[in-house]
Amino acid sequence: LAEALRGKVAPGQVLFVFARQPNGPPMPLAVQRLAVGELPMQVRLDDSMSMVPGRQMSAESQLEFVARISAAGRAAAEPGDWQGRVVWNNQPEGGTIDLIIDEIVR
């Protein structure tokens, strides 16, 4: 969470962290639902969390990772939600990325 947002979100708000195809279908490949109060944290997303049978993160050459704080607690982005995004070139061995929530959804 960007330092400037620390007083603008509540610990009980819902945080969604997910992976999807950049410029692909909106349905995430993997997702976790967490609480803002757990930030900062490490989150693991992998093929075992697949949302759609037959679609796996490991099969994609590029992934977009998103962390979104939902003011209403819903998975779909809404104006006023805060998020951070990173597009990553997938590696067979996986990897670690830093993701900072620092932009507002308009």
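Within segment 43-52, can you find the residues that are open to solvent by 50 Å² or more (accessible area, probe 1.4 Å) and part of a helix (DSSP H, G or I)?
The answer is Ser48, Met49.
Can you name every residue in segment 71-106 that is at pLDDT 95 or above, under 15 Å from Pro11 (Cα atoms) and among the small types (Gly, Ala, Ser)?
none
Only one residue in Gly7, Gly12, Gly54 is at positive phi and more than 16 Å from the chain's Cα centre (by Cα). Which one?
Gly54
Just to be sure, is Arg55 of a type in the set (Lys, Arg), assigned to a loop (DSSP other than H, G, I, E, B) and buried (at least 16 other Cβ atoms within 10 Å of the Cβ)?
Yes; evaluated as a whole, the condition is true for this residue.
Only residues that are in a strand (DSSP E or B), of a type outside the set (A, V, I, L, M, F, W, C) and open to solvent by 40 Å² or more (accessible area, probe 1.4 Å): list them for segment 66-87, please.
Scanning segment 66-87 gives a single hit, Arg85.
What pairs come up if the first residue lies in segment 85-106 and is closer than 13 Å to Ile69 by Cα and in contact (Cβ under 8 Å) with a residue 60 or more places away in the chain, the second is exposed (fewer than 14 other Cβ atoms within 10 Å of the Cβ) and among the small types (Gly, Ala, Ser), and their beta carbons are under 6 Å apart, counting only those six or more places apart or on different chains?
Within 6 Å, the pairs are Ile100/Ala2; Asp102/Ala2.
Which of the numbered conditions does Pro40 fail, given that it passes all the others? Conditions: (1) closer than 21 Å to Gly95 by Cβ; (2) touching a residue at least 40 places away in the same chain (Cβ under 8 Å); (3) loosely packed, with under 11 Cβ neighbours inside 10 Å.
All conditions pass for Pro40, except number (2).
Which is without any contact (Cβ under 8 Å) to a residue 24 or more places away in the chain and open to solvent by less than 40 Å² (accessible area, probe 1.4 Å), of Leu63, Leu15, Leu34?
Leu34
As an exercise: evaluate Arg68 against (1) over 14 Å from the mean Cα position of the chain (by Cα); (2) modelled with pLDDT of 95 or more and give the number of the one condition it does not meet.
Single failed check for Arg68: (1).
The values are calculated or read from the model by the stated rules, or taken from the named source; none is laboratory data. Just so it is clear, the model here is predicted, and its values are computed rather than measured. We place every Cβ from the backbone using ideal geometry, glycine too, and count neighbours over all the protein chains shown. Calculation scope for accessible area: heavy atoms of the full protein, side chains included, ligands and nucleic acids excluded. Shrake-Rupley method; radii C 1.70, N 1.55, O 1.52, S 1.80 Å.
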